[in-house]
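Worksheet: one structure, shown below.
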């Protein structure tokens, strides 16, 4: 059973491509790592809109840092 934040992601992500899913097993079997990550991040202990937004913001920040530094890190090898 998904919480309201996970249900919203099911409707939003990839224009609802995964909207019919009802279990985390289905999510994991879809083979979409980003989708699985988001669904896990918004899992059972995510109990408010503010917490859901905070978790998404943290993930965006981490991805932004990787994006910003990736080229330089590869060049430094």
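The values are calculated or read from the model by the stated rules, or taken from the named source; none is laboratory data. None of these values were measured; they are calculated from a predicted model. Cβ atoms come from the backbone with ideal geometry, glycine included; neighbour counts cover every protein chain shown.
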Item checked: Any hit, segment 51-63, residues being over 15 Å from the mean Cα position of the chain (by Cα) and without any contact (Cβ under 8 Å) to a residue 60 or more places away in the chain -> no
Notebook entry, point to check: Pairs, please: C-beta under 9 Å, at least 6 apart or cross-chain, first residue modelled with pLDDT under 95 and in segment 1-16, second surrounded by fewer than 16 Cβ atoms within 10 Å (Cβ to Cβ)?
Noted result: 1/22; 1/23
Note to self: Every residue in segment 1-19 that is in contact with a helix residue (DSSP H, G or I) (Cβ under 8 Å, 6 or more places away or on another chain) and outside any helix (DSSP H, G or I), please.
What the structure shows: 2, 18, 19
